[in-house]
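In what follows, a single structure is set out as structure tokens and then discussed.
The values are calculated or read from the model by the stated rules, or taken from the named source; none is laboratory data. From a predicted model like this one, the values you see are computed outputs, not experimental measurements. All Cβ positions, glycine included, derive from the backbone under ideal geometry; neighbour counts span all protein chains shown. These area figures cover heavy atoms from the full protein model, side chains too; ligands, DNA and RNA do not enter into them. Shrake-Rupley method; radii C 1.70, N 1.55, O 1.52, S 1.80 Å.
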Amino acid sequence: MKKTLLILVVLLFFTVSTFATLYYFSPKPPLSSLEQCHRTIADAIEQEADKYAPELIKEAEIYYEGAREALTKENEKAFFLRNYKTVIHLVETAGSKASEATKKMAEDKANLSRSLLEKLEIVNHKIEHFEENYANLPLNKAARKDFTNAKLKYLESKKAYERNAFLLVSNNLDEANRLISKSVDAAHSHLSSYFEDLPKWKRWHQETVDWSRQNSAAAVVVDKFAHTCIVYQSGKETKRFVAELGPNWIGTKQFRGDKATPEGKYHITKKKSGKQTIYYKALLINYPNDEDKARYSKNLKNGSIPRKGIGNLIEIHGDGGKGINWTDGCVALTNNDIDKLWQFVGPGTPVTIVGSLRSLHEINGR
Amino acid sequence: MYHLTFINTMKNFVKTVFAFAIAGVLFTSCAKAPEVEITNAKAAIEATKATEADRYVPAEFKALQDSLNVALLEVENQNAKFALFRSYKKAAATLNNVMTLSEQVKSNAATRKEEVKAEAQQSLAEVTTLVTEVKELLAKAPKGKEGREALEAIQGDVVLVESFLAEVSTLINNGDYLTANDKVKAAGEKANSLKAELEEAIAKKKGGRK
């Protein structure tokens, strides 16, 4: 009995020792790797890698879940039969995919941010360019609508960009770019045909300046596009005033009531002040001249204008400074400016009205 | 005598070993993985995600997911141990903490969402008032030939700003407050520029006459 018990004790001791040794040297589950991998994936998702590199993140998640399942399977085995190599391989692959996704996200995000910033600047430049050169032009309603829509979409894109919502920016910004480009193209196309008369305008201008120099007298040139009234004395520019025109100032005056300011070489026929004018002071010019009359007759014959008469009483007058083109075809200056102009001019002073003194290319760089 | 004492001692020893073995078996049968807690914690996280916590309180939501993962790994850690030494108390405590935290995160997400919603609604109200002011200025602006075209153009712009604001209302109703905020701010900037344009025109009109 004593011997049997002794054998039992020895056997028990041997079993426990073997068990303890095997247990001690058995592979341990790679829990810290799994935890680290999960954090890597979570960090990547937090930085929007799931939006910039969705496939890589999906793969990382699948590998991580695979690692977890493999871990569970291994843990179900007897401890001395466990092997976590597959778990480690899967978790390493998952981590590597997540890191790859983070790297791709960082690159894509930086590239997108840079390209969006460039695009924002381009669209902003186009909007500013339009505002500076075309916003006050008598364009059709569709062009103005496109411009306003473009500006609204641009502003919205800018706000989204400022809060780093880059993926939201693209669509609105593309639409803003399309609309503003359409507006600029429409305005440019509208103006291109108008500017075909530029050589003639430049010739008129030169002739007026030459006349001023040769006669040591004053002459006035109105640049409609620049909204400027320039005074020359003996061929030299001495004064420059802001001028307001008729709302349909692009193109010359065709008939009575078209609200267009004429283009041509005229001269002052009368200085009006006090009760002679409702616009503080006025300088009446000899519109229509012979060229205007010939054009009116031709257009009347070919039916391109209504039979409303050619119009008259075109003046350079006061009461301007409203910041808009509001006259019936006259040139309006502020009362202070008409006072200054008044001193230099009189009946017979040449008044040349041109569409522009600068080419369209010089104006808008296109 | 000595022989009997030794036999008794060994009997006691064997009894003790058996007692421990039985206790071990009993102990093992009690240390089950906290499956219910795991299911509940996962469901709590899904419910938290449904409140868009990942969008409105992303850091807190991430911490919540992290806690769940830590708990699941702790379960696996215990599963890896010899049955006699397993204890799921720590995992269960973490899972219970996930449940408690998820309620907190849900509440914080709802608060943040309300804040963003309130911000969008306030901005919408402000810009709507601004548009009303622009319309009032349009009514006051000089009529007649003086700038009728310009006023018509501004009127067209006001219509566009109003349609933009209608889109903002739709976005707010759909719960997309961040995009609504972008849009309403853009509309606000445009409305402000229209107001300035009109105020300048009105001021010039007053100043232009002597």
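The residues of region A:80-89 that are open to solvent by less than 20 Å² (accessible area, probe 1.4 Å) and assigned to a helix (DSSP H, G or I) amount to a single one, A:VAL87.
Matching residues to (1) free of Cβ contacts under 8 Å to residues at least 40 places away in the same chain; (2) in contact with a strand residue (DSSP E or B) (Cβ under 8 Å, 6 or more places away or on another chain); (3) assigned to a helix (DSSP H, G or I); (4) not β-branched (Val, Ile, Thr):
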{"residue": "A:GLU59", "(1), (2), (3), (4)": "yes, no, yes, yes"}
{"residue": "A:ILE62", "(1), (2), (3), (4)": "yes, no, yes, no"}
{"residue": "A:VAL91", "(1), (2), (3), (4)": "no, no, yes, no"}
{"residue": "A:ALA106", "(1), (2), (3), (4)": "no, no, yes, yes"}
{"residue": "A:HIS129", "(1), (2), (3), (4)": "no, no, yes, yes"}
{"residue": "A:ARG144", "(1), (2), (3), (4)": "yes, no, yes, yes"}
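Residue-wise test of (1) closer than 24 Å to A:GLU162 by Cα; (2) in contact with a Lys or Arg (Cβ under 9 Å, 6 or more places away or on another chain); (3) within 12 Å of chain B (Cβ to nearest Cβ).
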{"position": "A:GLN47", "(1), (2), (3)": "yes, yes, yes"}
{"position": "A:TYR63", "(1), (2), (3)": "no, yes, no"}
{"position": "A:LEU81", "(1), (2), (3)": "no, no, no"}
{"position": "A:GLY95", "(1), (2), (3)": "no, no, no"}
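Residues in region A:171-197 that are under 13 Å from A:PHE225 (Cβ atoms) and either charged (D, E, K, R) or without any contact (Cβ under 8 Å) to a residue 12 or more places away in the chain (or both): how many? Residues meeting the conditions: 1.
You will find that of A:GLU121, A:GLU132, A:GLU100, the residue that is among the acidic types (Asp, Glu), under 22 Å from B:LEU160 (Cβ atoms), more than 14 Å from every other protein chain (Cβ to nearest Cβ) and open to solvent by 40 Å² or more (accessible area, probe 1.4 Å) is A:GLU132 and no other. Residue count for region A:206-242 under the criterion of being closer than 24 Å to A:GLU362 by Cα and either of a type in the set (D, E, K, R) or buried (at least 20 other Cβ atoms within 10 Å of the Cβ) (or both): the result is 19. Consider A:LYS275 carefully, then state whether it is in a strand (DSSP E or B) and surrounded by fewer than 21 Cβ atoms within 10 Å (Cβ to Cβ). It is false that A:LYS275 is in a strand (DSSP E or B) and surrounded by fewer than 21 Cβ atoms within 10 Å (Cβ to Cβ). Out of B:GLU52, B:GLU74, B:GLU46, one residue alone is closer than 18 Å to A:ILE41 by Cβ and outside the structural domain of B:ALA153 (by TED's automatic domain parsing). It is B:GLU46. Of the residues making up region B:55-70, those that are over 17 Å from A:THR40 (Cα atoms) and part of a helix (DSSP H, G or I) are B:ARG55, B:TYR56. Filtering region B:176-204 to residues that are of a type in the set (Gly, Ala, Ser), open to solvent by less than 10 Å² (accessible area, probe 1.4 Å) and modelled with pLDDT under 90 leaves nothing.
Determine, yes or no, whether A:VAL354 is closer than 17 Å to A:LYS281 by Cβ and touching a strand residue (DSSP E or B) at 6+ places or on another chain (Cβ under 7 Å). Considered against the rule, which asks whether it is closer than 17 Å to A:LYS281 by Cβ and touching a strand residue (DSSP E or B) at 6+ places or on another chain (Cβ under 7 Å), A:VAL354 comes out as no.
Per the conditions (1) of a type outside the set (Asp, Glu); (2) touching a Lys or Arg at 6+ places or on another chain (Cβ under 7 Å); (3) at pLDDT below 95, the sole criterion not satisfied by A:HIS129 is (2). If you go through region A:274-297 and pick out every residue that is hydroxyl-bearing (Ser, Thr, Tyr) and under 42 Å from the mean Cα position of the chain (by Cα), you end up with 4.
Here's the yes/no breakdown for (1) open to solvent by 10 Å² or more (accessible area, probe 1.4 Å); (2) within 9 Å of chain B (Cβ to nearest Cβ); (3) not in a loop (DSSP other than H, G, I, E, B):
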| position | (1), (2), (3) |
| --- | --- |
| A:GLY320 | no, yes, no |
| A:TRP326 | no, yes, no |
| A:GLN343 | yes, no, yes |
| A:GLY348 | yes, no, no |
| A:THR352 | no, no, yes |
| A:SER356 | no, no, no |
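For the condition open to solvent by 30 Å² or more (accessible area, probe 1.4 Å), out of contact with any His (no Cβ under 6 Å at 6 or more places or on another chain), within 14 Å of another protein chain (Cβ to nearest Cβ) and modelled with pLDDT of 95 or more, A:GLU76 does not qualify. Please go through region A:1-57 and give me each residue that is of a type in the set (Phe, Trp, Tyr) and on the phi > 0 side of the Ramachandran plot, ordered by number. Within region A:1-57, none qualify.
Assess whether A:LEU167 counts as being part of a helix (DSSP H, G or I) and touching an Asp or Glu at 6+ places or on another chain (Cβ under 6 Å). So A:LEU167 fails the test. For region B:164-183, the set of residues classified as facing chain A (nearest Cβ under 9 Å) and either of a type in the set (A, V, I, L, M, F, W, C) or without any contact (Cβ under 8 Å) to a residue 24 or more places away in the chain (or both) consists of B:PHE164, B:LEU178, B:THR179, B:ASP182, B:LYS183, listed by residue number. Please verify whether region A:17-35 includes one or more residues that are more than 30 Å from B:LEU84 (Cβ to Cβ), more than 10 Å from chain B (Cβ to nearest Cβ) and open to solvent by less than 90 Å² (accessible area, probe 1.4 Å). Looking for residues that are more than 30 Å from B:LEU84 (Cβ to Cβ), more than 10 Å from chain B (Cβ to nearest Cβ) and open to solvent by less than 90 Å² (accessible area, probe 1.4 Å), one finds none in region A:17-35, hence no. For region A:301-318, a tally of residues being within 17 Å of A:GLN276 (Cβ to Cβ) and open to solvent by 10 Å² or more (accessible area, probe 1.4 Å) returns 3. Restricting A:LYS308, A:LYS293 to residues that are in a loop (DSSP other than H, G, I, E, B) and more than 14 Å from chain B (Cβ to nearest Cβ) narrows the list to A:LYS308.
With at pLDDT below 90, more than 21 Å from A:THR148 (Cα to Cα) and open to solvent by 60 Å² or more (accessible area, probe 1.4 Å) as the only criterion, which of B:LYS81, B:LYS89 stands out?
Selected residue: B:LYS81, the only one of B:LYS81, B:LYS89 that is at pLDDT below 90, more than 21 Å from A:THR148 (Cα to Cα) and open to solvent by 60 Å² or more (accessible area, probe 1.4 Å).
Of the residues in region A:183-197, at least one is within 35 Å of the chain's Cα centre (by Cα), open to solvent by less than 40 Å² (accessible area, probe 1.4 Å) and under 30 Å from B:THR179 (Cα atoms). Within region A:194-208, can one find any residue that is under 30 Å from A:GLU121 (Cβ atoms) and of a type outside the set (A, V, I, L, M)? The answer is yes, given that some residue of region A:194-208 is under 30 Å from A:GLU121 (Cβ atoms) and of a type outside the set (A, V, I, L, M).
Close Cβ contacts (under 8 Å, 6 or more residues apart or on different chains) running from residues in region B:66-78 that are under 12 Å from B:LEU95 (Cβ atoms) to residues that are polar (S, T, N, Q) and open to solvent by less than 10 Å² (accessible area, probe 1.4 Å) are absent.
State whether the residues of region A:54-68 include one that is small (Gly, Ala, Ser) and open to solvent by 50 Å² or more (accessible area, probe 1.4 Å). No: region A:54-68 contains no residue that is small (Gly, Ala, Ser) and open to solvent by 50 Å² or more (accessible area, probe 1.4 Å).
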